[in-house]
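Enquirer: Please find one structure pasted underneath; my questions will follow.
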Amino acid sequence: MGFQNISETYQVETPSAPPSNTPVNPLDPPVALNDPEVFSRNGGYTFDAFDRMRSSAPVMWHPEDQGRGFWAVTSHELVKQVEIDPVTYSSQRGGILMNYGLPDAPRHPLLHSASLNALINLDRPHHTPLRMEHMTWFRPDFVAELKKKVDVHVNHLLDDMRAKGPVVDMVETFSAELPLFTLCEILGIAEADRPKLVHWMHFLETSQYQAQQEGLGNVTPEQIMEFMTEIQALFDFGRRELLDRRKNPRNDLLSAIANAEIDGEKLSEEFLDGSWLLIVFAGNDTTRNSLSGTMKLLTENMDQRAKLMADDSLYPNFVNEAIRMVSPVTYMRRTVTKDTQLGDQPLSEGDKVVMYYAAANRDPAKFENPNAFNIARANAAEHLAFGNGPHVCLGKRVAIMQLETAYRNILRRFPDIRWTGKSELAPNNFVHAIASLDIDLGQEA
């Protein structure tokens, strides 16, 4: 039996439904976690709110006007518990985003279908064999070879930054460019087509906000038409590439996806779309925001920068500490498959559970003085920014390699580089979306 089209099976929620079980630790949400604007107004984070939730109600009920509401999980221990139990906490039953199933949410039909019909939303038994089809391109030996190309490209980007400097937008000149290059090398995308992906990423990142504003009537028909046209172009391109790889397979990840067989069948069009959307988004956006967020950390913590530059053996741990602090993915959702208990909170089948990585990674029960950037932190690698369990991020090694390679070269060539204090965040409650970040390169070494 082949894959089932998940987007045709999800259930529309009952708006403003009461919680299935009485909250054991009642706490009114300190902020509206389902409002993207909350995060852009608070520097991309709501750490004070997360602290209150974690200490008073680590499994907190969060109502929704349009949806049934969800349980927000903020402690490191409980987020990890959900991650490692995919039988009780399903990715497939409701997807990974909190707004799947909202009755009146505007949806682009292709984005909606592709968002659900992707590896990240699959449970066993289909998740494991499809994940294995991707693994070749994320093994240590492949990543080591890829690093050689990344090293060269980083220095090309730094040359361009120097020519445009001394003050440049890091997102535009570096953070958006490096992960795109790396992703395209893995996928096998022709160099001439690569700028298209940068353009489309903007539309993906703002799609949640666009849908919200469309529902409020704040978007013009021209803006809606432009959005629809660009998303269609993104998927048309992905389909052409994947179908070409079926006819003419090459030694790249797109060919592996295009020719994967589960239960003796190749992936349906819906799952090809989903695979394309997932790899483009996950392989690009999160690394971009980690690169930019790390520059802010190094500027705000000059003592840690000095320590790093004095001892380059600290780079691997520095990368993990930076990722812990930035937490490029804010949350993931699961759906409860059977009555259970999480911490001291009873849950019922069908409940939405939303894991807040940005909160778990600042949990004082796990990380001493968690809001301090400490590149020598002994347990920095125990952050949950890449998830945990069977859905741990496939591109984890590649992301870490890019960050370490980038900052070794950046600090070697521009030891006085700093964030100017000027930046812009896109309204987004799913990822830490840094839209621009001005930096001053200083003198080149």
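The values are calculated or read from the model by the stated rules, or taken from the named source; none is laboratory data. Please read all numbers here as calculations on a predicted model, not as lab measurements. Reconstructed Cβ throughout: ideal geometry from the backbone, glycine too, with neighbour counts over all protein chains shown.
Enquirer: What about Ala256, is it of a type in the set (Gly, Ala, Ser), at pLDDT below 90 and assigned to a helix (DSSP H, G or I)?
Expert: Criteria met by Ala256.
Enquirer: How about region 1-95: which helices (runs of 4 or more DSSP H) wholly inside it have at least 1 residues that are within 27 Å of Asp123 (Cβ to Cβ) and at pLDDT 85 or above?
Expert: Here the list reads 76-83.
Enquirer: Any residue in region 220-243 that is in contact (Cβ under 8 Å) with a residue 40 or more places away in the chain, of a type in the set (Ser, Thr, Tyr) and either in contact with a Leu (Cβ under 8 Å, 6 or more places away or on another chain) or surrounded by fewer than 20 Cβ atoms within 10 Å (Cβ to Cβ) (or both)?
Expert: Within region 220-243 (the criterion being in contact (Cβ under 8 Å) with a residue 40 or more places away in the chain, of a type in the set (Ser, Thr, Tyr) and either in contact with a Leu (Cβ under 8 Å, 6 or more places away or on another chain) or surrounded by fewer than 20 Cβ atoms within 10 Å (Cβ to Cβ) (or both)), the answer is no, since none of the residues qualifies.
Enquirer: Could you list, in sequence order, the residues of region 128-144 that are aliphatic (A, V, I, L, M) and either in contact (Cβ under 8 Å) with a residue 12 or more places away in the chain or surrounded by 12 or more Cβ atoms within 10 Å (Cβ to Cβ) (or both)?
Expert: Answer for region 128-144, where residues must be aliphatic (A, V, I, L, M) and either in contact (Cβ under 8 Å) with a residue 12 or more places away in the chain or surrounded by 12 or more Cβ atoms within 10 Å (Cβ to Cβ) (or both): Leu130, Met135, Val143.
Enquirer: With respect to Arg333, is the statement that it is touching a helix residue (DSSP H, G or I) at 6+ places or on another chain (Cβ under 7 Å), under 30 Å from Leu187 (Cα atoms) and basic (Lys, Arg) true? Before you say what the answer is, go through the steps one by one.
Expert: Numbers: touching a helix residue (DSSP H, G or I) at 6+ places or on another chain (Cβ under 7 Å): no; under 30 Å from Leu187 (Cα atoms): yes; basic (Lys, Arg): yes.
So Arg333 fails the test.
Enquirer: Continuing with this model, one more query. Among the listed residues Leu384, Leu437, identify the single one that is assigned to a loop (DSSP other than H, G, I, E, B), of a type outside the set (Val, Ile, Thr), buried (at least 21 other Cβ atoms within 10 Å of the Cβ) and at pLDDT 95 or above. Quick ask: steps written out before the conclusion?
Expert: Details: Leu437 fails: assigned to a loop (DSSP other than H, G, I, E, B).
Only one candidate qualifies: Leu384.
Enquirer: Next question, about the same structure. When you go through Asp273, Asp303 one by one, which is the residue that is assigned to a helix (DSSP H, G or I), more than 24 Å from Ala378 (Cα to Cα) and either out of contact with any strand residue (DSSP E or B) (no Cβ under 8 Å at 6 or more places or on another chain) or among the β-branched types (Val, Ile, Thr) (or both)?
Expert: Asp273
Enquirer: Among residues belonging to region 334-377 that are out of contact with any strand residue (DSSP E or B) (no Cβ under 8 Å at 6 or more places or on another chain) and of a type in the set (S, T, N, Q), point out the one that is surrounded by the most Cβ atoms within 10 Å (Cβ to Cβ).
Expert: Result: Asn361.
Enquirer: Right, next: State which residue is nearest to Thr22 (Cα to Cα) when the search covers only region 79-91 and only residues that are out of contact with any helix residue (DSSP H, G or I) (no Cβ under 8 Å at 6 or more places or on another chain) and hydrophobic (A, V, I, L, M, F, W, C).
Expert: The residue in question is Val82.
Enquirer: Can you give me the ranges of the strands (runs of 3 or more DSSP E) entirely in region 313-364 with at least 3 residues that are over 24 Å from the mean Cα position of the chain (by Cα), closer than 30 Å to Leu425 by Cβ and of a type outside the set (Lys, Arg)?
Expert: none
Enquirer: Whether any residue in region 307-324 is closer than 18 Å to Thr420 by Cα and either in contact with a Pro (Cβ under 7 Å, 6 or more places away or on another chain) or without any contact (Cβ under 8 Å) to a residue 12 or more places away in the chain (or both) is what I want to check.
Expert: Checked against the condition, which is being closer than 18 Å to Thr420 by Cα and either in contact with a Pro (Cβ under 7 Å, 6 or more places away or on another chain) or without any contact (Cβ under 8 Å) to a residue 12 or more places away in the chain (or both), region 307-324 yields no hits at all.
Enquirer: From the list Leu291, Leu243, Leu278, pick out the single residue that is under 30 Å from His76 (Cβ atoms) and modelled with pLDDT of 90 or more.
Expert: The match here is Leu291.
Enquirer: Pick from region 155-174 the residues that are outside any helix (DSSP H, G or I) and not acidic (Asp, Glu): which of them is surrounded by the most Cβ atoms within 10 Å (Cβ to Cβ)?
Expert: So the residue we want is Val168.
Enquirer: Every residue in region 145-183 that is in contact (Cβ under 8 Å) with a residue 24 or more places away in the chain and among the small types (Gly, Ala, Ser), please.
Expert: Answer for region 145-183, where residues must be in contact (Cβ under 8 Å) with a residue 24 or more places away in the chain and among the small types (Gly, Ala, Ser): Gly165, Ser175, Ala176.
Enquirer: Would you check if there is a residue in region 239-250 being part of a helix (DSSP H, G or I) and within 20 Å of the chain's Cα centre (by Cα)?
Expert: So far as region 239-250 goes, no, none of its residues is part of a helix (DSSP H, G or I) and within 20 Å of the chain's Cα centre (by Cα).
Enquirer: Looking only at region 254-284, which residues are surrounded by 23 or more Cβ atoms within 10 Å (Cβ to Cβ) and of a type in the set (D, E, K, R)?
Expert: Answer for region 254-284, where residues must be surrounded by 23 or more Cβ atoms within 10 Å (Cβ to Cβ) and of a type in the set (D, E, K, R): just Asp273.
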